[in-house]
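Student: Take this structure first; my questions come after.
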Amino acid sequence: MSSLPAALSDLMMAQQPIFDTNQKLFGYELLFRSNNEEMANVINGEDATSQVLVNLCIGITELEAQMQKPYFVNITRDLLLSDAFLPIDPNLIYIEILEDQKITPDLVEAVARWHEAGYRFALDDYHFDPSYAPLFPYVEIIKIDVLMTDPIKYKTHIQALRQRKMTLIAEKVEDLAMYQTCKELGFHLFQGYFLQRPNIIKGKRISSGVEGALELISELQNDSITTDKVSELISKNPTLSYQLLRVLNSPICGMTREVTDLKEAVVYIGLSQIKKWAMLLTITSTSSQPKEIFRFLLIRAKCCEALAIQEKADNSDADFMAGMMSGIDLILQLEKQMVFDKVKIRKEIVDAVQSFQGPIGKRLKKAFALEESNWEYIGKLSNEEKLTLSRSYGEASLWADGTLKNICS
């Protein structure tokens with residue numbers, strides 16, 4: 001698994017994705033806390049010469065090189081007005097100008113100076129306040145909190161911004177209905193949890209394709225299943241066999257030689273890894289959901305697995321399974337219980353998914369907390385737990401990115 005940049009080891013970081021109109025990843029807003037809670041999502045003037053800021057910029061640079069997506073970061077008025085140097089390539093970030101700023105000539109002049117140096121700006125939580133107009137020549141993106149500011153009420157204002165060639169981000173898009181409304185109004189980008197909310201139709205029947213996939217996944221959960229049986233099950237599906245061998249021979253699996261046979265692959269990476277990849281490929285090939293949904297779940301599952309390994313749990317594969325099953329309703333658009341009725345899953349995994357019970361549930365809850373930037377919950381963890389969680393989540397993000405490129409290409 002790819003390593004998280006060492007420069008970020010003292011930061012609790014979450015990356016909230018920003019999507020385009022095709023629900024493809026555009027970039028991330030970087031949400032963070034320092035381990036001692038002094039930094040809270042904002043780079044301020046006092047941090048300008050600190051090692052924390054240097055580390056943050058180094059870390060973003062290394063992450064962007066691997067993720068190849070821009071990051072949105074918040075910096076304060078004091079830092080903008082200072083003579084500080086932000087040690088990062090301007091092309092890697094968008095600087096968000098915080099809401100409720102008093103727009104003064106010196107602020108406009110400072111933004112112009114940073115803009116001249118190559119930095120790109122976004123207005124955060126814009127409320128259609130005309131006093132912000134002097135900043136418009138230097139702003140590429142405007143973010144509108146659609147929970148606080150009804151986009152339908154401000155439809156005319158939104159159209160005026162579009163005519164100025166502004167890129168508009170709908171922020172706090174919490175469900176698919178709001179996503180659709182914002183899309184129809186002409187927003188270009190979308191930020192929020194709308195992709196992580198299942199759109200389940202009550203009484204929906206399980207299709208034959210999904211039924212077959214669930215049967216295979218159920219068989220793979222059998223602890224006593226043999227290599228021969230796994231090979232037999234996978235060989236029944238030529239497409240799955242081809243995809244699995246292609247993934248196993250890709251860099252993401254770290255094989256030192258090419259394999260052409262599943263039994264041979266077991267020797268090199270183990271039966272549990274074969275079962276895991278077979279499950280992932282089966283799920284992704286069965287679902288028609290946007291691949292970014294799989295990114296969420298792969299990060300969550302891998303983070304849980306990494307936490308289990310750190311805690312020396314008996315079976316980290318169970319944690320990975322819990323992470324995946326926690327979002328199976330998103331992938332298949334079926335109620336979780338319908339899936340659990342079809343797939344033979346250990347009770348400890350079901351309990352973890354349904355109510356965060358047991359050690360597996362505790363680790364799953366940690367992953368959810370960082371995913372949703374639940375700083376109140378995270379703040380109650382020990383410093384060691386925070387750092388382990390942050391590193392596990394960060395490395396899981398890199399792993400998920402590489403995995404998606406292999407299984408969805």
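Values quoted throughout were computed directly from the atomic coordinates according to the rules given, and no laboratory measurement underlies them. What you see is a predicted model; the values in this text were computed from it and never measured. In this analysis, Cβ positions are derived from the backbone assuming ideal geometry, glycine residues included, and neighbour counts consider all displayed protein chains.
Student: Would you grab the residues whose amide H sits under 5 Å from the one on Arg120? Only those 5+ places off in sequence or on another chain, please, with H modelled 1.01 Å from N.
Tutor: The answer is Ile95.
Student: What FRET efficiency comes out for the pair Glu348/Glu140, r = Cβ-Cβ distance, R0 = 60 Å, nearest 0.05?
Tutor: Between Glu348 and Glu140 the formula returns 0.75.
Student: Further question: Given all pairs of different Cα atoms, what value in angstroms does the Kirkwood hydrodynamic radius of the stretch 143-293 take?
Tutor: Values: mean 1/r = 0.0528 Å⁻¹.
This gives a value of 19.0 Å.
Student: Continuing with this model, one more query. How far is the Cα center of the stretch 84-159 from the Cα center of the stretch 354-409, in Å?
Tutor: That distance is 31 Å.
Student: Sorted from largest down, what three extents in whole angstroms do the Cα atoms of the stretch 208-407 have along their principal axes?
Tutor: That gives 48, 39, 33 Å along the principal axes, largest extent first.
Student: While we're looking at this one, here's another question. Over its Cα atoms, what ratio of radius of gyration to 2.2 N^0.38 Å does the stretch 305-404 give?
Tutor: Details: Rg = 13.7 Å, N = 100, 2.2 N^0.38 = 12.7 Å.
The value comes to 1.08.
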